[in-house]
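J.: Pasting a structure here, questions to come.
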Amino acid sequence: MDNRSKSVFIVVVCAFLLFVFLRSSIFTVTAGHRAIVFTWGKITAVKTEGLQFKVPVMQSVRKIDIRTQKIAAMTEAGSKNLQTIRANVNVNYRLESTKLREIYSEVGLDIEEKIISPRINETLKAVVAQYTAEELLTKRGQVNMDIQKSLTAQLEKYNIVVEGLQIINFDYSQQFNAAIEEKQVAEQRTLTEQNKLERVKYEAEQKVVQAEAEAKVIQIQASAIKAQGGKEYIELKAIEKWNGVLPTYMGSGAVPFVNVGGK
């Protein structure tokens, strides 16, 4: 190999090594992520979004998602009245982006397994124990708030932000579900009987009102008859309704029904 060939070979090798060096030195941090930079295994920097650089061999990078994450959890807990409850919840959380160095140093990146899941289980058991099984149904909104408030306080210590919590379901034992169903049927039956009683009572009251109205009409008519002269008033009303035909009776012919002109 002549000198010229050697020079070309050296240039190509150097170019290749430079390419490899540059390729291993440049990395990209995408939106919603951060990159922890380690120098000889020690955290030395946290890089934000965009094109970033590191020293090959000496430095390494670990990318972390700081967007909102969701974890589903289920645990068994005892209610205040000693019913076994299976609680299912969804928790939305994110890592505090300005505390990634502390998070990694203290607990690493197995956040859900080491920190979040155990705290959810502890919180569910503690809160559920404050309510009866029936109250977990009737006060679900308050229970949800209590769980979220307690979990938020616990995870703040680890620089984890709770953005929301939703109770998916409370599952009860078969015996308790049967008791609830029987109670609902009994309440519905009682409500139906109450409605029937109210209807009967209403109809009775209507009849009383109608009878009182009819009695009052009769009283008014009697007063009017008396005020108009009694017998004469009755005869006058009969004349007003007379069709001009005298009533007839067997054996005596037509008989006037009004005493005209005499006492």
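J.: Just grab the label-to-label distance for K207 and E112, each label 7 Å out from Cα along the Cβ direction, in nm (one decimal).
T.: 7.0 nm
J.: Taking R0 as 25 Å, what FRET efficiency do you get between E49 and C14 from their Cβ-Cβ distance, rounded to the nearest 0.05?
T.: Using R0 = 25 Å, I get an efficiency of 0.15.
J.: Taking only the C-alpha atoms, wrap a convex hull around segment 69-172 and report its volume per residue in Å³ as a whole number.
T.: 80 Å³
J.: Assuming R0 = 22 Å, can you tell me the calculated FRET efficiency for the pair T30 and M58, based on Cβ-Cβ distance, to the nearest 0.05?
T.: Given R0 = 22 Å and the Cβ-Cβ separation, E is 0.40.
J.: What is the gain in length, in nm to one decimal, between R94 and D65 on full extension, counting 0.36 nm per residue of separation less the C-alpha to C-alpha distance?
T.: Full-extension gain reported as 9.6 nm.
Every number here is computed from the coordinates shown, using simple stated rules; none is lab data. Just so it is clear, the model here is predicted, and its values are computed rather than measured. Cβ sites come from the backbone with ideal geometry, for glycine too, and all protein chains shown count toward neighbours.
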